[in-house]
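Single-structure report; data block below.
The values are calculated or read from the model by the stated rules, or taken from the named source; none is laboratory data. Predicted model, so just to flag it, every value in this text is computed and none were measured. Neighbour counts are summed over all protein chains in view; Cβ atoms, including those assigned to glycine, are modelled from backbone coordinates with ideal geometry.
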Amino acid sequence: MADKYIDNSETQKYGPELRANLQRRFGDDPRPAVRALVAWLIAEQAKADQTMADALAAHRRAKATATATSESGSPVVASTHRTLSAFYKHLDAKREDDAWSGTLETFFPSRRTGLTKGLRPLSVSLDGVVSALESDRSVPEHGAWLKKLHAAQKQLTTALADSRGAVHGARDALSEQGTEKGAWLRQYHGASLVLEGLLSLEGAQGELGALVPHMSAPRKRKPTDGKTPNVPERPIEGDTK
């Protein structure tokens, strides 16, 4: 029988199912040693399942944080966008009133359409505006606007650092999850092998496919990134590779 890939979310299904099947098949076995062995396997599988669940949750939290710090709805993005929009309107109004003879495109090359609501695009736009304002002291209320834009720059720099930290956190959580996945697979596969041995002692190998969850699941293609290990299946009597 060909190997099957177990993805991260399936660990939360297959682990509990294997524990339930172990309990149902051997939990009330008349042999004390078998009961003790099965109880230990179930307890160890429960630990592996919980550790994997914690790793999955940590990854989801880190990913959500990374997304929240860079999406258009974040407070810093919204505040920076308002400040830049207000400065654009200020320049446009002063030019209309002939109070300023500069060129809007020097500050906003794509005019207002270039003010995309994203953390990194806004940072690029803000840096360009600040650089242009520092070079053009003819802009009315120059000092006040430069102060506002510098404050926005400071906020955005902090937000960018937080965003990078969140991205690294998501990567770290995913890496940790990969480590825990490997440990989960070893526990799951080891318990499955012990289950196979117990069934073999009773001459009941034919039950294995129904008791080991991934063996009865539809076949799937393995990932090509090589990052997550696979669980090799044990052949069932009568199966061929």
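Scan segment 18-43 residue by residue and report those that are crowded, with 17+ Cβ neighbours inside 10 Å and of a type in the set (D, E, K, R).
Once the filter is applied, which keeps residues that are crowded, with 17+ Cβ neighbours inside 10 Å and of a type in the set (D, E, K, R), segment 18-43 yields 19, 25.
Exactly one of (1) of a type outside the set (Gly, Ala, Ser); (2) surrounded by 16 or more Cβ atoms within 10 Å (Cβ to Cβ); (3) outside any helix (DSSP H, G or I) is unmet by residue 81. Its number?
Just one mismatch for residue 81, condition (3).
Specify which of the listed residues (104, 91, 119, 84) is farther than 29 Å from residue 162 by Cβ, in contact (Cβ under 8 Å) with a residue 40 or more places away in the chain and aliphatic (A, V, I, L, M). Steps first, please.
On the way: 104 fails: in contact (Cβ under 8 Å) with a residue 40 or more places away in the chain; 119 fails: farther than 29 Å from residue 162 by Cβ; 84 fails: farther than 29 Å from residue 162 by Cβ.
Going through 104, 91, 119, 84 in turn, the sole match is 91.
Check off (1) more than 19 Å from the chain's Cα centre (by Cα); (2) at pLDDT 95 or above for residue 50 and give me the number that stays unchecked.
Here residue 50 meets the rest and fails (1).
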